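**Q** Please find one structure pasted underneath; my questions will follow.
The values are calculated or read from the model by the stated rules, or taken from the named source; none is laboratory data. Computed from a predicted structure; not experimentally measured. Here the Cβ is made from the backbone with ideal geometry for all residues, glycine too, and neighbour counts use every protein chain on show. Calculation scope for accessible area: heavy atoms of the full protein, side chains included, ligands and nucleic acids excluded. Shrake-Rupley method; radii C 1.70, N 1.55, O 1.52, S 1.80 Å.
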Amino acid sequence: QDVDMTVAPEVAQQYFDVLTQAQQRGIPVPAETVQAFYRENLKQSYPFHPSLIEVMDGKLATIPNFQKTRGVLRSMARVIRRMWNTQKTDGLLIHPHSLDFADPDLVDELTGRLDRPVFRQVAGYDVATVNGDAHAQVIDKTQFSGHAPYTTQIATTILLHSLPEPPARGVDVDELIAATLTPTTDPAHLQKALEYLIDEAWHLDYIGTRYFFQTEPSLNKIIQDETENVPNHEARTEVDRRINRLWRDA
């Protein structure tokens, strides 16, 4: 009902500072995010992060079934209501990763209405579930306990950018870092979270520095399935065979 725009300049400055510091440390961020006009973009888009407006009003709008104005308003209303009810905020703006894919209604909104139902399983396996057992959530519990859910934030942002058709599909790593970074985030943690996700996710793929979720399982999933199909006694027999071969002359 009301937005206190008087704090927008201060928030914009904090985000601009952390982006500038990241660039000085050699962290990949888009060149435009450390130019003066981007600070103005941050201020004008408050309380939303510019990258969220870009993907919702730009990339998703390229999908024929997406009702541009009505769809954005409906989705954002759901996101804001959930953030308000759970008091769950990461940073001082509403980011792409503020979309909680553990919310079944939001998943239905963004996959069902966009005729992308196959992405439901992608979200469930790799991004977020109510039970907290998606790959990104498990990584956060084991690798970033006590910190913000960096991996889930990264995965959520990538999934949102994976919904459009090529060539709009996917997000470059510098855009990904800039969209996820907050004034209290160490960007090195975001880079590490992406590395962990690449190793564990079943649907994550990339071309060069552009990341996206496929609807078909990746090599990680195939290896996992095949591993589970090998009985323990067969594995032990194979290990014994290899040991005997390696040390047969000893």
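**Q** With viscosity set to 0.692 mPa s and temperature to 37 °C, compute the Stokes-Einstein D of the stretch 27-66, Rh being the Kirkwood radius across alpha carbon pairs; µm²/s, no decimals.
**A** Working: Rh = 11.4 Å.
In µm²/s, the coefficient rounds to 288.
**Q** Which value in Å does the Kirkwood hydrodynamic radius of the stretch 167-240 take, with 1/r averaged over all unlike C-alpha pairs and then inverted? Please report the intermediate quantities before stating the final value.
**A** Working: mean 1/r = 0.0678 Å⁻¹.
Over the stretch 167-240, the inverse of the mean reciprocal pair distance is 14.7 Å.
**Q** What whole-number value in Å² describes the accessible area per residue of the stretch 105-187 for a 1.4 Å probe?
**A** Computed with neighbouring chains in place, this is 37 Å² per residue.
**Q** Also, quick follow-up: With bins 5 Å wide starting at 0, give me the P(r) of the stretch 104-158 over every alpha carbon pair, in whole percents.
**A** Percent of pairs per bin, in order: 4, 22, 27, 23, 13, 8, 3, 0.
**Q** Here's something else I'd like to know. Based on the Cβ-Cβ distance of Asn85 and Val3, what FRET efficiency does E = 1/(1 + (r/R0)^6) give at R0 = 30 Å, to the nearest 0.05?
**A** That gives a FRET efficiency of 0.95.
**Q** What spacing in nm lies between the two simple spin-label points modelled at Lys141 and Glu32, each 7 Å away from Cα in the Cβ direction?
**A** Result for the modelled spin labels: 4.0 nm.
**Q** Now for a separate question. Could you tell me the largest-minus-smallest coordinate of the C-alpha atoms of the stretch 3-69 on each of the three principal axes, in descending order and whole angstroms?
**A** On the principal axes, the stretch 3-69 reaches 41, 32, 14 Å in Cα extent.
**Q** If you don't mind, there's one more thing I want to ask. So what's the back-of-envelope 222 nm ellipticity for the chain, counting only DSSP H runs of four-plus at -39500 (n - 2.57) apiece and dividing by all residues, rounded to 500?
**A** Working: 12 runs with 129 residues, N = 250.
Roughly -15500 deg cm²/dmol at 222 nm, from the helical runs in the chain.
**Q** Would you mind putting 231-243, 182-194, 54-66 in packing order, based on average other-beta-carbon counts within 10 Å, highest first?
**A** 182-194, 54-66, 231-243
**Q** From the C-alpha gyration tensor of the stretch 58-190, pull out the three semi-axes of the equivalent ellipsoid (sqrt of 5λ each), sorted largest to smallest, in whole Å.
**A** 23, 16, 15
**Q** Another question about this same structure. Would you check the chain for Lys pairs whose C-alpha atoms are within less than 25 Å, ignoring same-chain pairs closer than 8 in sequence, and give me the count?
**A** 9
**Q** Might you report the magnitude of the Cβ-based charge dipole of the chain about its Cα centre, with Lys and Arg at +1 and Asp and Glu at -1, to the nearest 20 debye?
**A** Approximately 180 debye in magnitude.
**Q** Stick to the Cα atoms of the stretch 122-250, pair each with every other, and give me the Kirkwood hydrodynamic radius in Å at one decimal.
**A** Mean inverse Cα-Cα distance, inverted, gives 16.4 Å.
**Q** Once the convex hull of the alpha carbons of the stretch 33-129 is built, what does its volume come to per residue, in cubic angstrom?
**A** 110 Å³
**Q** Rg and Dmax of the chain over Cα atoms: what are they, in angstrom?
**A** Calculated on Cα positions, Rg and Dmax stand at 20.7, 80 Å.
**Q** When the convex hull of the C-alpha atoms of the stretch 129-184 is computed, what volume per residue in Å³ does it have? The partial results should precede the final answer.
**A** On the way: hull volume 5.1 nm³, N = 56.
Dividing the Cα hull volume of the stretch 129-184 by its residues yields 92 Å³.
**Q** What FRET efficiency, computed as 1/(1 + (r/R0)^6) with R0 = 25 Å and r the Cβ-Cβ distance, is obtained for Ile222 and Ala77, rounded to the nearest 0.05?
**A** My answer for the efficiency is 0.05.
**Q** Determine the share of the chain's accessible area contributed by carbon and sulfur atoms, expressed in whole percent, with a 1.4 angstrom probe.
**A** 50 percent
**Q** Can you compute 3J(HN,Hα) from phi for each residue in the stretch 14-22, using the Karplus curve 6.51 cos²θ - 1.76 cosθ + 1.60 with θ = phi - 60°, rounded to whole Hz and x for Gly and Pro?
**A** Here the 3J(HN,Hα) series is 4, 5, 4, 5, 5, 5, 5, 5, 4 Hz.
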